[in-house]
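Worksheet: the structure to be examined is printed underneath.
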Amino acid sequence: MKRHILVGSILILATLARAGDWPRWRGPDATGHVPGGVAIPTTLPARPKVLWRVKVGFALGSPVVSGKRVFYLDEQRGKETVHAADADSGRELWRATLDDTFRDGHSPPGPRGTPLVDGERIYILSCRGEFQCLNTADGKVIWRVNFVKDFAAVFMGERGAAPGASRHGYTGSPFIDGDRMYVDVGGRKGASVVCFDKKTGRAIWKSQSDAAGHGGPIVATIAGVRQVVSFTADGAIGLEADNGKLLWRVPVKTRVGRHCITPVVVDDMVIVSSYTAGLIGIKVARDGDVFSAERAWVDKSSSINFANPVAIGNHLYGLGKSRKLICLDMRTGKPAWTKDWTSSRMFGRGYASFMVMKDRILGLAEDGTLFLLSADTKALGMLATVKVCGKNWCSPAYAGGKLFLRDAAELLCVQLNSK
């Protein structure tokens with residue numbers, strides 16, 4: 001089978017990703033890879049040029065960029081709010097209220113999701129499960145559903161140690177493939193994953209009864225079958241994209257279902273991680289119409305909590321337990337190298353984002369430090385570091401040679417040296 005980096009045979013639709021856009025979580029093809037042909041930096045400037053910065057309310061989600069506009073969520077006067085701004089200046093074009101602000105005592109109150117833009121529509125999800133499709137031109141609602149009211153999802157918020165999204169709020173982004181949209185809804189009565197008509201909000205199919213995780217689903221072709229892969233609070237599952245039929249399941253049960261990683265798929269390997277269960281490689285196989293899946297390897301020493309890794313070829317790069325930078329072979333789970341970074345405060349509670357730029361990886365650390373790595377399987381190649389913002393749990397957007405990122409108080413547009 002032909003190898004596809006990170007997400008097997010994923011479709012890149014013209015309506016979803018115009019050239020130079022970064023319209024969703026982890027970029028145009030949801031892999032964390034900057035598309036070919038886009039100008040990228042070969043190093044980091046000693047003083048990156050900040051083209052503009054604007055004050056924003058608190059949030060833990062990431063900005064996205066489409067059609068010369070940047071979209072982001074924040075907290076405004078007790079409400080989760082979505083904003084559209086001019087990508088060249090940061091000037092606000094419109095804002096719309098999404099839901100009441102969610103609080104759980106683990107961070108300041110505010111939204112935690114990343115919007116998804118698809119042409120003239122933007123899709124946004126609140127921590128409480130309010131899911132809306134808006135017009136990108138003016139922020140007017142096209143359709144909406146509520147996971148708790150419409151799909152019997154259990155949302156307990158700060159009341160007790162409930163699993164997954166019902167404890168810390170919905171954070172996982174939806175996934176669009178053609179005219180269909182796949183979402184981790186978490187309905188406990190047969191609506192864990194729901195396939196919507198992206199234009200109308202009509203539910204095409206519903207499947208399983210797992211509590212929602214935090215990473216959101218992806219769509220990949222594994223063993224010749226197009227399937228939705230989701231890491232729920234109960235485990236990793238593969239569903240037939242056409243009808244939601246369960247193809248395979250690998251249970252991963254932890255006390256609070258803190259499953260934050262969007263699955264990484266390369267060929268027939270699915271990579272997920274839980275802080276307590278470890279970094280897990282799942283091998284999916286097919287015999288006729290029957291699928292099977294089993295844990296090919298587990299590495300608890302490299303557990304990834306909520307810093308989504310990236311794949312280049314057969315190697316996975318990320319931030320593991322105890323703030324270790326890691327590179328491992330996804331086929332075997334064997335480390336290629338690890339680098340202890342506990343002497344630095346860069347990674348704080350264990351967060352960094354990663355973005356693949358050809359043979360380099362651009363990262364943003366929790367303390368606001370940009371870092372550039374060489375994609376070396378022999379040893380860590382730290383090429384450059386520079387501080388650009390404050391504390392954050394943001395995965396930046398890279399569009400038009402510019403980096404769009406946020407911290408707790410500001411949204412910034414940074415020009416990096418490139419050629």
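The values are calculated or read from the model by the stated rules, or taken from the named source; none is laboratory data. It should be emphasised that the depicted structure is a prediction, and the values quoted were computed from it without experimental measurement. Using ideal geometry, Cβ is built from the backbone for each residue, glycine included, and neighbour counts are taken over all protein chains shown.
The set of residues from region 323-342 being of a type in the set (S, T, N, Q) and in contact with a helix residue (DSSP H, G or I) (Cβ under 9 Å, 6 or more places away or on another chain) comprises Thr338, Thr342. Selection over region 45-74 of residues that are surrounded by fewer than 19 Cβ atoms within 10 Å (Cβ to Cβ) and of a type in the set (A, V, I, L, M, F, W, C) gives a count of 6. Is it the case, given these coordinates, that Leu383 is under 22 Å from the mean Cα position of the chain (by Cα) and either assigned to a strand (DSSP E or B) or without any contact (Cβ under 8 Å) to a residue 24 or more places away in the chain (or both)? Judged against the criteria, Leu383 is not a match. Filtering Ala96, Ala85 for residues that are crowded, with 18+ Cβ neighbours inside 10 Å, aliphatic (A, V, I, L, M), over 13 Å from Ser62 (Cα atoms) and in contact (Cβ under 8 Å) with a residue 60 or more places away in the chain leaves a single hit, Ala85. Only one of the numbered conditions (1) without any contact (Cβ under 8 Å) to a residue 60 or more places away in the chain; (2) under 18 Å from Ile237 (Cβ atoms); (3) among the aromatic types (Phe, Trp, Tyr) is violated by Trp297, and that is (2).
Can you give me the number of residues within region 299-314 that are more than 20 Å from Gly172 (Cα to Cα) and either acidic (Asp, Glu) or surrounded by fewer than 20 Cβ atoms within 10 Å (Cβ to Cβ) (or both)? Selection size over region 299-314: 5. The number of residues in region 95-149 that are closer than 17 Å to Cys195 by Cα, among the charged types (D, E, K, R) and in contact with a Pro (Cβ under 8 Å, 6 or more places away or on another chain) comes to 1.
Scanning region 281-311 for residues that are of a type in the set (Val, Ile, Thr) and touching an Asp or Glu at 6+ places or on another chain (Cβ under 8 Å) yields Ile282, Val284.
When we screen Thr262, Thr276, Thr254 for residues that are assigned to a loop (DSSP other than H, G, I, E, B), modelled with pLDDT of 95 or more and either under 28 Å from Arg24 (Cα atoms) or not small (Gly, Ala, Ser) (or both), the only hit is Thr262.
Select from region 113-124 the residues that are within 19 Å of Cys260 (Cα to Cα) and either touching an Asp or Glu at 6+ places or on another chain (Cβ under 9 Å) or acidic (Asp, Glu) (or both) and list them in ascending order. Spell out the reasoning first.
Taking region 113-124 first, the residues within 19 Å of Cys260 (Cα to Cα) are 113-116, 124.
Answer for region 113-124, where residues must be within 19 Å of Cys260 (Cα to Cα) and either touching an Asp or Glu at 6+ places or on another chain (Cβ under 9 Å) or acidic (Asp, Glu) (or both): Gly113, Ile124.
Reported count of residues in region 196-208, each being polar (S, T, N, Q) and either under 23 Å from Val256 (Cβ atoms) or outside any loop (DSSP other than H, G, I, E, B) (or both), is 2. None of Arg144, Arg77 is surrounded by fewer than 24 Cβ atoms within 10 Å (Cβ to Cβ) and without any contact (Cβ under 8 Å) to a residue 12 or more places away in the chain except Arg77. Quickly run through region 328-380 and pick out the residues that are part of a strand (DSSP E or B) and among the charged types (D, E, K, R). Once the filter is applied, which keeps residues that are part of a strand (DSSP E or B) and among the charged types (D, E, K, R), region 328-380 yields Asp329, Lys339, Asp340, Arg360. What do you reckon, is Ala211 among the aliphatic types (A, V, I, L, M), touching a Ser or Thr at 6+ places or on another chain (Cβ under 8 Å), buried (at least 18 other Cβ atoms within 10 Å of the Cβ) and not in a loop (DSSP other than H, G, I, E, B)? It is false that Ala211 is among the aliphatic types (A, V, I, L, M), touching a Ser or Thr at 6+ places or on another chain (Cβ under 8 Å), buried (at least 18 other Cβ atoms within 10 Å of the Cβ) and not in a loop (DSSP other than H, G, I, E, B). Pairs are defined by a Cβ separation below 8 Å, a sequence spacing of at least 6 or placement on different chains, a first member in region 393-412 that is free of Cβ contacts under 8 Å to residues at least 60 places away in the same chain and in a loop (DSSP other than H, G, I, E, B), and a second member that is buried (at least 24 other Cβ atoms within 10 Å of the Cβ) and not hydrophobic (A, V, I, L, M, F, W, C); the pairs so defined are Asp407/Asn392.
Scan region 283-304 for residues that are under 20 Å from the mean Cα position of the chain (by Cα) and either over 18 Å from Thr31 (Cα atoms) or of a type in the set (Gly, Ala, Ser) (or both) and the total you get is 2.
Just wondering, is there one or more residues in region 178-193 that are aromatic (Phe, Trp, Tyr) and at pLDDT 95 or above? Within region 178-193, one or more residues are aromatic (Phe, Trp, Tyr) and at pLDDT 95 or above.
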